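Here is the structure we will look at, set down as structure tokens.
What follows draws every value from the coordinates through simple rules; no lab data is involved. All of these numbers come straight from a predicted model, not from anything done at the bench. Don't worry about glycine lacking a Cβ; one is built from the backbone with ideal geometry, like all the others, and counts go over all protein chains shown.
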């Protein structure tokens, strides 16, 4: 009897060791895949770009002030991540269900990578914990931390600041010297198809770009 118990204990310990080893290896590989300096990251981004390229057969609308103000806060998922294929795919639409941007991404724990393809530009978003890095057309653009969007320069300047008050239905966005727009708090949205943003003044093309990046970085796809 004692020998049987000893054998069962050994089998249990071996199983725990193998499970722990499996998760350790999985975490190491995942870390490599989400490391921008790694070959695995470049391969992942290329795979996500390929998925978007296929979707682009149904051309998205060009981004302008009208498109931005009609952007729906709830992107449509076209493909969920599965066991064999961990990539999810979707489309950002206007409230009239017109395509504005296609996206493909992959998550692992608290990390995520999403490639967003618009008619004339591409965004890459990499989330690690509470920080999201953004590349525009392959170049470092900004970092989002605790509602603050900072440029990727060495001494990054503030591009936008978001008031993340959970009780508000609309989060004020500061661009420049004052409140310039609002982002919809989707957790408190009343409409089934809420607008993602609202403008409080006319924005320059550069400011619209900042607002777009902030909107994409706050998307449910990175939660």
task: Neighbouring Cβ atoms within 10 Å as the yardstick, rank 111, 216 fewest first.
output: 111, 216
field: Which of 155, 70 has the fewest Cβ neighbours within 10 Å, and the rest in rising order
entry: 155, 70
message: Only counting other Cβ atoms within 10 Å, I'd like 190, 114, 145, 197 sorted with the fewest neighbours first.
response: 190, 145, 197, 114
Size descriptor, Kirkwood hydrodynamic radius, that averages inverse alpha-carbon separations across segment 36-222, Å: 16.8 Å
- prompt: So what is the orientation-averaged projected area of segment 105-187, using the convex hull of its C-alpha atoms, in nm²?
  reply: 6.6 nm²
task: Quote the relative contact order of segment 36-222 in percent (integer), defining contacts as alpha-carbon pairs under 8 Å separated by 6+ residues.
output: 16 percent
message: Once you place label points 7 Å from the Cα toward the Cβ at residue 187 and residue 47, how far apart are they in nm?
response: 3.1 nm
- request: Using Cα centres only, tell me the gap between segment 172-221 and segment 96-165 in whole Å.
  value: 13 Å
